[in-house]
Amino acid sequence: MKISELILPPLIGGFIGWLTNYLAILMLFRPYRPLKIGFLTFQGVIPKRHWEIAKALGELVEEQLLSQRELIELLTSEENKQLFAEKILLAVKEKLSTLFPVLPEYLRQIVIRTLLNYFKNELPSVVNKIILSLETDLQNKVKIGKIVEEKVLQFDLKTLEKILTSLMKTELSYIEVFGGVIGFIIGIIQVMLNIFLK
C-alpha cells in the first residue's frame with residue numbers, strides 16, 4: 001500500500017469535515033437575502049427566521065425577564081414615589097426662585113416658602129395621581145415584548161452576525177475543529193478498512 005493511500009484519506013476526510021462545519025456555521029447567517037439557483041432558494045437560517053427570533057425574544061423578555069406588571073410595580077414602589085416627589089419639588093423650587101422678581105427679597109422669600117410648604121403638603125397626592133396616570137398609560141400603551149421585538153427587527157443582519165459570532169467565537173471554532181477531527185478519524189477508519197479488506 002502506497003504512503004499516499006495511508007495519508008490522503010484522513011487528510012481529505014479532515015478537510016471535508018472542517019469545511020462542512022465551516023459552511024454550516026456560515027449558512028446560519030448567509031446569504032442575508034434569498035438567493036435563487038434554479039428551483040432552489042438559499043437563505044441563512046437567522047435572516048430567514050429573523051421575524052420569528054425577534055418575536056420569541058420579545059415574548060421571552062416579557063414573560064421571563066421583565067413583565068409589564070413588574071415594570072409597573074417598579075415604577076410605583078414607595079422608593080420611586082419618594083424619588084419622583086423629590087425631583088418634582090426640586091423643579092418647583094427652581095421655578096419659584098425665578099418668579100416675583102419685582103418683590104423685595106425678604107417678601108419674595110416669604111411667598112416662595114409659603115408656596116413651597118403648600119406644595120409639599122399637596123405633593124403626595126400629586127405624585128399618586130401622576131403614578132396612577134403612568135400606570136394606566138403603561139398598561140394600555142407599553143408592551144415590553146413588542147418593543148423588544150421591534151428593536152431586534154431593526155438590527156442590521158451584519159451587526160447581528162458580528163454580535164453573535166463574537167459571543168460564540170470559541171464555541172464556533174470548536175465546532176469547526178470537531179468537524180475536522182471527525183473527518184480525520186473517518187479517514188483513518190477508511191484506511192484501516194482498506195488494509196483489512198485487501
Among the residues of the stretch 26-48, is any out of contact with any Cys (no Cβ under 9 Å at 6 or more places or on another chain), surrounded by 12 or more Cβ atoms within 10 Å (Cβ to Cβ), closer than 23 Å to residue 155 by Cβ and small (Gly, Ala, Ser)?
yes
Positions within the stretch 16-43 being out of contact with any Gly (no Cβ under 9 Å at 6 or more places or on another chain) and in contact (Cβ under 8 Å) with a residue 60 or more places away in the chain, in sequence order
25
Let me spell it out: the conditions are (1) of a type outside the set (Lys, Arg); (2) closer than 25 Å to residue 174 by Cα; (3) under 20 Å from the mean Cα position of the chain (by Cα), and residue 31 meets all of them except one. Which number is the exception?
(3)
If you take the residues of the stretch 113-150 that are touching a residue at least 24 places away in the same chain (Cβ under 8 Å) and charged (D, E, K, R), which of them is nearest to residue 66 (Cα to Cα)?
143
Would it be correct to say that residue 181 is in a helix (DSSP H, G or I), out of contact with any strand residue (DSSP E or B) (no Cβ under 6 Å at 6 or more places or on another chain) and either over 30 Å from residue 83 (Cβ atoms) or not hydrophobic (A, V, I, L, M, F, W, C) (or both)?
yes
A careful count of residues in the stretch 161-191 that are surrounded by 11 or more Cβ atoms within 10 Å (Cβ to Cβ) and either among the hydrophobic types (A, V, I, L, M, F, W, C) or touching a His at 6+ places or on another chain (Cβ under 8 Å) (or both) gives 15
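Read the figures in this text as sums done on the coordinates, not as results from a lab. Owing to the predicted nature of the structure, the values given are computational and were not obtained by experimental measurement. Cβ: placed from backbone, ideal geometry, glycine included. Neighbour counts: every protein chain shown.
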